[in-house]
Amino acid sequence: MAPVGHKSDVSNESLEKTFSMKGGKGESSYVNNSQAQAQHARSMLHLLRETLDLVQLNSPEIPFVVADLGCSCGSNTIYMIDVIIKHITKRYEATDYEQPPEFSAFFSDLPSNDFNTLFQLLPPYGGGSMEECLASNSHRSYFAAGVPGSFYRRLFPAKSVDVFYSAFSLHWLSQVPDIVLDKRSTAYNKGKIFIHGANESTATAYKKQFQGDLAGFLRSRSKEMKRGGSMFLVCLGRTSLDPTDQGGAGLLFGTHFQDAWDDLVQEGLITSEKRDNFNIPVYAPSLHDFKEVVEADGSFIINKLDVFRGGSPLVVNQPDDAAEIGRALANSCRSVSGVLVDAHIGDQLSEELFYRVEHRASSQAKELLEQLQFFHIVASLSLA
C-alpha cells in the first residue's frame, strides 16, 4: 500500500508553537488521562509543604505570587495551586499579621496549550474578603492569569514570584537535539523514535540537551523569584546510570509505541526515513544529571533532591481486563505525544498508529501492569 498523505514534519523551530498535551475533553485528552499524575503529585504533598514552610513571608500588603510552570489543561494544576495557597494562608494566620495577603496564581505553558479548557475548569473568584473566599469550596481565593511561553526562557518580571511549582514537565526538552536527526552524525537515531536502547552518542546528545535546557530554566527562575522564595520541581527520572535505560519512560515510548511505528514502516504506510525523523523530546535524568546542573548554576540551594518511586502511569478499573489496559496505554501515550504524532504523519495515520499501540499492549497487559513503573526526580530549591 502506498503511503497515505500526511502533514509536514514538525521542525525543532516550530516545536514550541505546536507542542502541547492533547487538549479538549475527549477519550485520549490529557484531562481524561492524567489521573496517574494526580496520584503521584498527591503522594508528594508532604514534600511540597516542607518547601512552602521555607518561603519567606512578606507584608500582607504585598500580593503573594505562585506560578505553575507546565500547567497543562486539567484539574491537577488547579488542585495544586489551591494546596499551595491554603498552606501559605495558614502560615500567615500563625503570625502576628491580622490577615493574609491577596494571592495571584499564574498558569504557564506553551502557547499551544489548551488554556480554554483550563480556564473553564477554574472556579469563579470569590470576590469578597479573603476569609470568605477560603471558607467557600466553590470559589477560588486567588486572581488567575495564563502565561504562554517556554519555561526555558524568562516568563515573569524580575523578583516577582514567591513560589514556583512544576510537575511532570521538565523531562520534556525544548527540542530534539539537531544531531539526532542528522544522518551524517553518529548520534543519528536510526530505526528508533526514542533514546531507550539507542547508542551512546544519541544518549549523550539528549543528556546535553536536557542539561542545557535545565540551566536555562534555573537562570530564568533565579531572576524572576523574590528574595526568600522557593521552588518545588518534579520530573520523570531514572535509577540507572546509563541514559539509554530510560526506565518507565523507556517502557512507555520504547516498546509498544516503538513497535507500532515499525508496523507502519513494514506495511508501507510510512517510510523508514519518516519514522527516523520522529523522536520523542523526552529525557528522564538521573539524580547526578540533575544535581550537576543545579550546582553548576549556583543560583539555588538544594533543600531536597531525591528519586522517588512514582508508580504506574496506567490507572484502570479492571486490572484483569486486557482490553482496558491496552486502551489505557494507548490513551496515555496519545495524551502526551498525540499532538506531535498528528503533526508528523497526519490524523489518519495517527489513528492507525495508536490502534496498533492498543492492540500490542492488550496482548501483554499483565506484563505491562507489573513492569511499567515510573520514578521521579523531586527537587526542593531555595534562592541562594
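Things worth noting here:
- Residue pairs whose Cβ atoms lie under 9 Å apart, separated by 6 or more positions or on different chains, with the first residue in the stretch 357-384 and modelled with pLDDT under 90 and surrounded by fewer than 21 Cβ atoms within 10 Å (Cβ to Cβ) and the second assigned to a strand (DSSP E or B) and not polar (S, T, N, Q), are Gln373/Arg309; Gln373/Gly310; Gln373/Gly311; Ala384/Phe300; Ala384/Ile301.
- When Phe143, Phe156, Phe210 are checked against the criterion of being in contact (Cβ under 8 Å) with a residue 12 or more places away in the chain, touching an Asp or Glu at 6+ places or on another chain (Cβ under 8 Å) and surrounded by fewer than 18 Cβ atoms within 10 Å (Cβ to Cβ), Phe143 stands alone in meeting it.
- Odd one out for Arg219 among (1) farther than 22 Å from Phe106 by Cα; (2) in a helix (DSSP H, G or I); (3) of a type in the set (D, E, K, R): (1)
- When the stretch 183-196 is limited to residues that are within 17 Å of Val265 (Cβ to Cβ) and more than 20 Å from the chain's Cα centre (by Cα), the one that is surrounded by the most Cβ atoms within 10 Å (Cβ to Cβ) turns out to be Asn189.
- The stretch 61-83, subset out of contact with any Ser or Thr (no Cβ under 9 Å at 6 or more places or on another chain) and in contact (Cβ under 8 Å) with a residue 40 or more places away in the chain, residue surrounded by the fewest Cβ atoms within 10 Å (Cβ to Cβ): Glu61
- The stretch 94-108, subset under 33 Å from the mean Cα position of the chain (by Cα) and surrounded by fewer than 21 Cβ atoms within 10 Å (Cβ to Cβ), residue farthest from Pro148 (Cα to Cα): Pro101
- Residues located in the stretch 227-246, provided they are in a strand (DSSP E or B) and either of a type in the set (Val, Ile, Thr) or over 16 Å from His171 (Cα atoms) (or both): Arg227, Gly228, Gly229, Ser230, Met231, Val234
The values are calculated or read from the model by the stated rules, or taken from the named source; none is laboratory data. Values in this document were obtained by computation on a predicted structure and should not be read as measured data. Please note: Cβ atoms are built from the backbone with ideal geometry, for glycine as well, and neighbour counts cover all protein chains shown.
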